[in-house]
Amino acid sequence: MGMTTLLETSEEMRQSFADLLEKSFETALKPGTIVVGEILKLEKDGMVVDIGGKSEGFVPMKEVPGCYGADDLRTNYQIGQVIELFLLNQHDGQDETRPHYTLSIRRVNMWKNWDRLMELRDSREIVETTVSGTTKGGVIVNIFGFKGFIPASQLRVAKTLHDLIGDVLPAKILEVDKYKNKLILSHREAVFEQKAKMRAETIGKLNEGDIVEGEIVKITDFGVFVDINGIDGLLPLSEITWRRIQHPSEVLTLGERLTVRVLTVDRDLQRISLSLKRLQPDPWESVHDQFKVGEVLNGRISKLLNSGVLAELAPGVEAYCAYDHSGRQYFLNDSYVFKIVSIFAGERKITLEYQGPVQ
C-alpha cells in the first residue's frame, strides 16, 4: 500500500485483530494510546474505523499521511483493512451520529519513535542528528521526525552555532519525555566516545614540554580548549599571551590552529594544560636592555588598582605608578608620560612617577 504504518489484511491479522478487540472490552480506550482498528468507511474528509468495544472512531484527513483527498484515501486504503491508530481524544457521546473517538495514523510512528528514543537513551547508542536551527543556548536538531536540543555546553565543534546549520552531528540522548515533548542530546559525549582510542594513544605519548599542534574547539572566559588528537587541552587565559587581556577572543578565534607547549599531563584524568605564550621570549628577561632608571616614556594604562595604576611600557611589561595627593584621574587604555623610578626585573617589578599628559 506504500504506507509503513499499515498492517496488511490477512487471516492471521484478522485473528490478531479479533484478539485485540476482545481485549478492548476489558481495557478502557484512553487518549495517548495506540489501538488497532478496521476501516469501515472512506469519506471525503477522512475515514471511519471500528476500534472494538462497539466503538467507532474517525481519522481526519490531516491525520492520514500522504493523503489530501478522497482519491488519495481510496488509493492507499481499502474497506476492511486493519491499521494501527493513535487515539487523540474521546467525545462526550451526546451526538450519536458522530464517532466516539478521534484517531490518527500519522502519529503512530511518531509515538513509537518516542519509545525508540528512550531505548537509545538507555542503551547509550550514538545517533545521527541534523542541525536545523539555533537558540541563544544551543542548537535545534532533527531526529526521527522530532526536534531535539543540544545545549552549547554539550557541543564539541570548532564552529559558531549559526555555522552548524545543516551539519550532521553524532549525539547521545540525555533526556526523553514524550509527554512534555522534550528531547535533549549531547554531541560532546558522542565525540568523546568515538575518539576514546585516539585519546588513549595521544595521552600515552604526550610529555611535559612537548610542542604540539591543535585546533581551538571552545572559547570560555577562563581560557580556550584545544583539540590535541582527540584530547581537549586547556589553554588558560594567563598562558595565552604575555600581555594582559580580558578575554581569549581578543587574540584567538574558534577553529584557529595553534602550536602550543604542553605544561602538564594527567594520564589518570586524561587532562593536559597548555601554553602559547611560553613559545615566545619572556619580555621581562630583556627589561634591562629596553629601559633605564630615570628614563621618561609613554605608558598605556592597562589596569586600575585601589592604590595606583598599571601602565604597559612594552608588550607584556607593566609598571606600577601610585596615586598621589593631587586626586588625578587615570583612564583605562589612555596613555600618559611617566619616569622610571626603579627596576627589579627578577621580581617583575618597575615603579613609575607621573610626569604629565602625552603631548
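The values are calculated or read from the model by the stated rules, or taken from the named source; none is laboratory data. The shown structure was predicted, so the numbers you read here are calculated from the model rather than taken from an experiment. Glycine also receives a Cβ, built like all others from the backbone with ideal geometry; neighbour counts cover every protein chain displayed.
Side notes on the structure shown:
- In segment 217-250, the qualifying residues are those that are at pLDDT 95 or above and of a type in the set (Val, Ile, Thr), and the one that is farthest from the chain's Cα centre (by Cα) is Thr241.
- Residue within segment 340-353 that is part of a helix (DSSP H, G or I), surrounded by 14 or more Cβ atoms within 10 Å (Cβ to Cβ) and in contact with a helix residue (DSSP H, G or I) (Cβ under 7 Å, 6 or more places away or on another chain) present: yes
- Only residues that are in contact (Cβ under 8 Å) with a residue 24 or more places away in the chain and either touching a Phe, Trp or Tyr at 6+ places or on another chain (Cβ under 7 Å) or surrounded by 17 or more Cβ atoms within 10 Å (Cβ to Cβ) (or both) were counted across segment 299-313, and they come to 8.
- Taking segment 66-83 as the range and being surrounded by fewer than 17 Cβ atoms within 10 Å (Cβ to Cβ) and in contact (Cβ under 8 Å) with a residue 12 or more places away in the chain as the test, the residues that pass are Gly66, Gly69, Ala70, Arg74, Gln78, Ile79, Gly80.
- Restricting attention to segment 238-264, the residues being of a type outside the set (Val, Ile, Thr), under 12 Å from Leu274 (Cβ atoms) and in contact with an Asp or Glu (Cβ under 9 Å, 6 or more places away or on another chain) number 3.
- Every residue from segment 226-263 that is of a type outside the set (A, V, I, L, M), within 29 Å of Leu310 (Cβ to Cβ) and in a strand (DSSP E or B): Pro236, Arg261
- Any hit, segment 264-284, residues being within 27 Å of Asp324 (Cβ to Cβ), surrounded by 16 or more Cβ atoms within 10 Å (Cβ to Cβ) and modelled with pLDDT of 95 or more: yes
- Taking the criterion of being farther than 18 Å from Glu128 by Cβ and either outside the structural domain of Ile140 (by TED's automatic domain parsing) or not in a strand (DSSP E or B) (or both), the residues of segment 170-201 that qualify are Lys178, Tyr179, Lys180, Asn181, Ala196, Lys197, Met198, Arg199, Ala200, Glu201.
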